[in-house]
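Everything on this sheet refers to the single structure shown next.
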Amino acid sequence: MADLSANGAITGSNVAVTPLSTTDGRSLKTALAAAQSRAKRRALLLVLPLLLFILISFVLPIGQMLLRSVHNDAFSANMPVLSAWFDENPGKAPDEAAYSALVSDLRQARADKTAGLIGTRVNYDLAGSRSMFTAAARKAPELEPPYRDAVLAINADWGNPALWQAMRSASTPYTANFYLAALDMTRDPQGNIVRVEESRRIYVSHFVKTFVFSGVITAICLILAYPVAHMLATLPLGKSNLLMILVLLPFWTSLLVRTTSWMVLLQEQGVVNNALVATGTVDPANRLSMMYNQTGTVIAMVHILLPFMILPLYAVMRPIKPHYVRAARSLGASSWTAFRQVYLPQTLPGIGAGALLVFILAVGYYITPALVGGASGQMISNFIAYHMQSSLNWSMAAALAAILLAAVLLLYWLYDRLVGIDNIKLG
Amino acid sequence: MKKFLALSCAFSTFAFAAQADITVVSWGGAYEKSQVEAYNKPFMAQTGTKITMTSADNPAGPIKSMVESGNVTIDVADLEYTDALRLCDEGLLEPIDPASLPPAPDGTPATEDFLEGAVTECAIASMVFSNVYGFDTTKFSDQKPSTIADFFDLEKFPGKRGMRKTAKANLEMALMADGVAPGDVYATLETPEGLDRAFAMLDKIKGQTVWWEAGAQPPQLLADGEVAMTTAYNGRLFSAVVTEGKPFEVVWDGQVYEYELFGIPKGAPNKDEALEYIKFATGTQRLADQTKWISYGPARKSSLPLVGLFEDGKTEMAPNMPTAEANMKRSLRTSVDFWVDRDVEISERFNTWLTN
């Protein structure tokens, strides 16, 4: 409509209004749109490989992994009869029909060899129940009615309301229990959400610790990197390139080599302690503990992440002309004011980029804390690794990872609001 | 790294074409050497199948991600009992038919020849290892530690301690040190009070403890002087003493022993060869031969009489086995059921305890 009235305006009211058209009589507008969409499709074809690559190698596996944090059908898929009973009898205490359903499912589980799988699922919510399932499944074929008495005769714990509560919550494949557990919470036998006992509260404190550590590491990196980047940026190119190699050399060295070098340097019988004892600065009986604790984690991670701060800072500082600061000085600004009001604002995009890079890398760091962190220097990623590799509770690992991801995205959003994501310059 | 493996499942199409060579993952150090000498070399000579041996802090670690991503690169894994059971429960290991195992030389079928519990649905035990503690004799001149209680007694025996960074074995040792009879340890640990009691014992030495993770670490910690005494796998300490001449001594009192098993991950690229390897390695003679290189007890009864001298040709191996009578006076076999049930709960508590 818009172009029609435009045409009318141009051609005047006494001339018949005809839309512009191509030589083969099609409207120019449709022809143009068709040509443009063809070009767009062709452009899409160009980025398609990358898009597919990201989808298959990144979005799908991560999505599938995160799905596990709310979805676990080990119980519901292998205990269909009992799950159906739970569906039909919400909130009801187990009766003979429930025990009969339990026994029939356990018999099937015995035949399919899935009793361990079922027990493991319930064990996530109620520790100590896995072996009850495997033991009961072994005996299930010989059980005779009344099943309630027969099952309770195997192990009186089968009458435990907490166990039935755990089975009920496992009978639906979708559950929020893993998120509760990842936040140090659980459900009591009445189904209310409560915090776990104090001796088992571990995840929340480690989430906090992870973010505090990452913040501290980012701050130290910034303080160390700023003068270095400034020097590199102001030196003549020949010299600064030479010095740049010193920054890049560790960057190119294997992570494990750098981490183990720190172990050699900082352990109690290590180079630094030996030197301090030899010079008499430290008493041989009280050697400094700088390794296998938080100190070790922070030192090693600062060293490893430092180049990620220096490089963006350098890239931003290099093109800043020295004239601005000189002009400020000549107009009477003190050196501090000139730095604060003239130089620093120009380097903000680099600080933003470096800080974000270092912080996000630090949040997910796993190898270095595992090697040098000892007991007190562990981060949340080490617990994700524990659930991936040792406890095999991938749902729990996924829940922890999802919370970590959400927290990082939240921080990123805050950062965007406060600093502005356009204010970032990587080089 | 392992997460990366799981996530890169989409790339499994790029996996290299399977070769008939098998990959065995074990624990490194002196233990791995004993397997190379006793199993791998004769197996390669006999069958021509090449064996690649790699090591991990715990070979059970990568199996689940490998199986789920369909990119299994391990043929045989050397597993702890609880891990083997848990992996088997989750359907991550190939079942192994016990009837296919070779009988003892006198014709006794394998199922009777193996020690009780050594043959499971998915994994076959090769040997018995033990968690013991050892100390540096140069650090204790007049009085030497001799009981498990001494390990937890900082007043009588000052000095740093080393312990594995897991709850398993440590809690059992703590209770035995506190005077609980080995037979009552697991019944005690199942009660909240018993668990508190074990942690209270660990509290006594917590401030002086260095935590280790890989089996090769504790002898190194002792040798470096980082600790005065440490828990360790008995074979590692034995190797350090006999082959490297270190001044260490093993205390058998309060030992916690368990089986070590071979399993095949589900979908292993060379399953048949892997099974052949396990049958070969858990044969009577091979198990007996292994004791020539490390002091772990064979899992077959028929291997015991064949146990001879260490590779140095002079050290009698029988008294250095966890299963030797003198070493078994106060000892405990790890309860697999207890740990598979409670591992996560107790590990959470253990980790909380560690960081506070």
* Please report B:244, B:273, B:116 as a ranked list, fewest other C-beta atoms within 10 angstrom at the top and most at the bottom. => B:116, B:244, B:273
* To do: Taking a cut-off of 23 Å between Cα atoms, list the lysines near residue B:165, but don't count ones fewer than 8 places away on the same chain.
  => A:209, B:2, B:3, B:64, B:204, B:206
* **the stretch A:55-70 - phi-based ³J(HN,Hα) in whole Hz, Karplus 6.51/-1.76/1.60, Gly and Pro as x** => 4, 6, 8, 10, 5, 4, x, 5, x, 5, 5, 5, 4, 4, 5, 10
* Structure fact -> Among the stretch A:300-322, those whose backbone N falls under 11 Å of a label point 7 Å along Cα→Cβ from residue A:346 are A:317-322
* State, as an integer percentage, the relative contact order of chain B based on alpha-carbon contacts under 8 Å between residues 6 or more apart. => 26
* To do: Determine the distance separating the Cα centre of the stretch A:350-427 from the Cα centre of the stretch B:190-241; give it in Å without decimals.
  => 31
* Structure fact -> The long-range amide H neighbours of residue B:210, using H built 1.01 Å from N in the peptide plane and a cut-off of under 5 Å, are B:161, B:162, B:163
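Between residue B:97 and residue B:330, take the C-beta separation as r, use R0 = 41 Å, and let me know the FRET efficiency to the nearest 0.05. It would help to have the intermediate numbers written out before the result.
Numbers: r = 37 Å, r/R0 = 0.91.
In this case the efficiency is close to 0.65.
As a check on your grasp of the helix formula, calculate [θ] at 222 nm for chain B: sum -39500 (n - 2.57) over DSSP H runs of n ≥ 4, divide by the residue count, round to the nearest 500. Each step should come with its number before you reach the end.
Working: 15 runs with 127 residues, N = 356.
After summing the helix terms and dividing by the residues of chain B, the value is -10000 deg cm²/dmol.
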* Asked: Along the stretch A:204-211, what does the Karplus equation 6.51 cos²θ - 1.76 cosθ + 1.60 (θ = phi - 60°) give for ³J(HN,Hα), rounded to whole Hz, x for Gly and Pro?
  -> 4, 4, 7, 4, 4, 4, 4, 6
* To do: Specify the residue with the greatest mean-square fluctuation among A:98, A:401, A:127, computed from a Gaussian network of chain A linking alpha-carbon atoms under 10 Å apart.
  => A:127
* To do: Sort all Cα-Cα distances of chain A into consecutive 10 angstrom bins from zero, then give the percent of pairs in each bin up to the one containing the longest distance.
  => 4, 14, 17, 17, 15, 13, 10, 6, 3, 1, 0
* To do: For the stretch A:243-296 and the stretch B:96-175, compute the distance between their C-alpha centroids and round to whole Å.
  => 34
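For the stretch A:120-277, calculate the relative contact order in percent as a whole number, restricting contacts to Cα pairs under 8 Å that are 6 or more residues apart. Write out the running numbers ahead of the final one.
Details: 71 pairs, mean separation 16.2, N = 158.
Computed over the stretch A:120-277, the figure is 10 percent.
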* Where labels lie 7 Å past Cα in the beta-carbon direction, separation of residue A:174 and residue A:265 in nm -> 5.2
* Specify the residue with the greatest mean-square fluctuation among A:266, A:28, A:235, computed from a Gaussian network of chain A linking alpha-carbon atoms under 10 Å apart. => A:28
* Show the residues, 5+ positions off or on another chain, whose built amide H is closer than 5 Å to the amide H of residue A:183. => none
* Which aspartates and glutamates have a Cα less than 13 Å from the Cα of residue B:168, not counting those fewer than 8 places away in the same chain? -> B:80, B:83, B:213, B:258, B:337, B:341, B:343, B:345, B:348
* If you build the Cα gyration tensor of the stretch B:230-352 and take the root of 5 times each eigenvalue, what three semi-axes come out, in whole angstrom, biggest first? -> 26, 24, 14
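Taking a ≥ b ≥ c as the square roots of the eigenvalues of the Cα gyration tensor of the stretch B:151-281, is the shape rounded (a/c under 1.5), prolate (a/b larger than b/c) or oblate? Don't jump to the answer; show the numbers that get you there.
On the way: a/c = 2.39, a/b = 1.38, b/c = 1.73.
Oblate is the answer for the stretch B:151-281, as a/c is 1.5 or above yet b/c matches or exceeds a/b.
What is the stretch A:203-423 by shape, rounded, prolate or oblate, if you read a ≥ b ≥ c off the alpha carbon gyration tensor as root eigenvalues and call it rounded for a/c under 1.5, prolate for a/b larger than b/c, and oblate otherwise?
Details: a/c = 2.28, a/b = 1.34, b/c = 1.70.
Here the stretch A:203-423 falls in the oblate category.
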* Cβ-based charge dipole, the stretch B:298-344, positive-most Cα from B:344, B:327, B:307 -> B:327
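Is the C-alpha gyration tensor of chain B telling us rounded, prolate or oblate? Criteria: a/c under 1.5 is rounded; beyond that, a/b larger than b/c is prolate, otherwise oblate. Kindly include the intermediate steps, with their values, before the conclusion.
Details: a/c = 1.70, a/b = 1.36, b/c = 1.26.
Here chain B falls in the prolate category.
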* Structure fact -> For the stretch A:31-43, Karplus-derived ³J(HN,Hα) couplings (6.51, -1.76, 1.60; θ = phi - 60°; whole Hz; x for glycine and proline) come out as 4, 5, 4, 5, 5, 5, 5, 4, 5, 5, 4, 5, 5
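Between residue A:258 and residue B:213, take the C-beta separation as r, use R0 = 22 Å, and let me know the FRET efficiency to the nearest 0.05. Intermediate results must be reported in sequence, preceding the final value.
On the way: r = 19 Å, r/R0 = 0.88.
Calculated transfer efficiency: 0.70.
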* Reachable lysines from residue A:139, criterion Cα separation under 22 angstrom, eight or more residues apart if same chain -> A:113
* Can you tell which of A:341, A:303, A:404 lies farthest toward the positive end of the dipole of the stretch A:203-423, using +1 and -1 charges on the Cβ of basic and acidic side chains (Lys, Arg; Asp, Glu)? -> A:341
* Using a Gaussian network model of chain B with C-alpha springs under 10 Å, which one of B:86, B:286, B:164 is most mobile by mean-square fluctuation? -> B:86
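Only the coordinates and a few stated rules stand behind these numbers; no lab work does. The structure displayed is predicted, hence computed values, not measured ones. All Cβ positions, glycine included, derive from the backbone under ideal geometry; neighbour counts span all protein chains shown.
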